[in-house]
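**Q** The structure is given below, and queries will be raised subsequently.
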Ligand SMILES: [Mg+2]
């Protein structure tokens, strides 16, 4: 039987920071860099984030993470891929996220998508996520995808990957 793998959306398939930087600049006129936000949670780094993510449409406009379309397609051929996203906290995000997935990852069918409020309830063999809060309680193999908020994190059991090329090297 194929091994199952949970793949996060924001910060793994969706390049949310690119959009956060753009919106922050539109809002304040100030262009932030990765070093300005390194080590801070998204909510600390971007004071207007709640306004953005609670407004309908935000999750339709997020760019795709470089290499993720080809990479996920290849994982999908070898593993049972489930895309898992924390979404129920922001109900407007639900349809936006599903349409975004349908557009950019059309090979992921509706049975492969889980929108929830807590990832700790989901079991699988492997998990790829950018947030340690999702990975820490997962009993399978864990990969932490490098994003500015987790850049200084060390001494975890999670294998660090910084690109989709690295994910492919380790999992294919
Ligand atoms: Mg994430």
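No value in this document is a laboratory result; all are computed from the given coordinates. Since the model is a prediction, treat every value here as computed from it, not as a measurement. Using ideal geometry, Cβ is built from the backbone for each residue, glycine included, and neighbour counts are taken over all protein chains shown.
**Q** Looking at 92, 112, which is the one that is over 20 Å from residue 145 (Cα atoms), in contact with a strand residue (DSSP E or B) (Cβ under 6 Å, 6 or more places away or on another chain) and away from the ligand (no atom under 16 Å from the Cβ)?
**A** Answer to the selection: 112.
**Q** How about segment 142-166: which of its residues are out of contact with any helix residue (DSSP H, G or I) (no Cβ under 9 Å at 6 or more places or on another chain) and more than 16 Å from the ligand (Cβ to nearest atom)?
**A** 152, 154, 155, 166
**Q** Still on this structure, please answer the following. Do you know which residues across segment 118-169 are closer than 19 Å to residue 35 by Cα and over 16 Å from the mean Cα position of the chain (by Cα)?
**A** Once the filter is applied, which keeps residues that are closer than 19 Å to residue 35 by Cα and over 16 Å from the mean Cα position of the chain (by Cα), segment 118-169 yields 152, 153, 154.
**Q** Of the numbered conditions (1) without any contact (Cβ under 8 Å) to a residue 60 or more places away in the chain; (2) within 15 Å of the ligand (Cβ to nearest atom); (3) more than 19 Å from residue 160 (Cα to Cα); (4) touching a helix residue (DSSP H, G or I) at 6+ places or on another chain (Cβ under 7 Å), residue 45 fails exactly one; give the number of that condition.
**A** All conditions are met except number (1).
**Q** Kindly check whether there is at least one residue in segment 3-20 that is in a helix (DSSP H, G or I), away from the ligand (no atom under 16 Å from the Cβ) and free of Cβ contacts under 8 Å to residues at least 40 places away in the same chain. Walk me through it before giving the result.
**A** Taking segment 3-20 and keeping what is in a helix (DSSP H, G or I), we get 16-20.
Filter again for away from the ligand (no atom under 16 Å from the Cβ), leaving none.
No, there is no match, as no residue in segment 3-20 is in a helix (DSSP H, G or I), away from the ligand (no atom under 16 Å from the Cβ) and free of Cβ contacts under 8 Å to residues at least 40 places away in the same chain.
**Q** So how many residues does segment 146-172 have that are assigned to a loop (DSSP other than H, G, I, E, B) and under 18 Å from residue 69 (Cβ atoms)? Give the steps one after another, and end with the answer.
**A** Pass one, segment 146-172, residues assigned to a loop (DSSP other than H, G, I, E, B): 146-147, 151-158, 162-163, 172.
Next, only the ones that are under 18 Å from residue 69 (Cβ atoms) stay: 162-163, 172.
Number of matching residues: 3.
**Q** Go through segment 115-129 and report how many residues are touching a strand residue (DSSP E or B) at 6+ places or on another chain (Cβ under 7 Å), within 15 Å of the ligand (Cβ to nearest atom) and either farther than 22 Å from residue 95 by Cα or free of Cβ contacts under 8 Å to residues at least 60 places away in the same chain (or both).
**A** 5
**Q** Of all the strands (runs of 3 or more DSSP E) wholly in segment 76-145, which have at least 2 residues that are surrounded by fewer than 19 Cβ atoms within 10 Å (Cβ to Cβ)? Reasoning before the result, please.
**A** Working: elements: 80-86, 113-116, 126-129, 141-145.
It comes to 80-86, 113-116.
**Q** While we're looking at this one, here's another question. Residue 59 is checked against (1) farther than 28 Å from residue 168 by Cβ; (2) buried (at least 18 other Cβ atoms within 10 Å of the Cβ); (3) within 14 Å of the ligand (Cβ to nearest atom) and fails just one. What number does that condition carry?
**A** (1)
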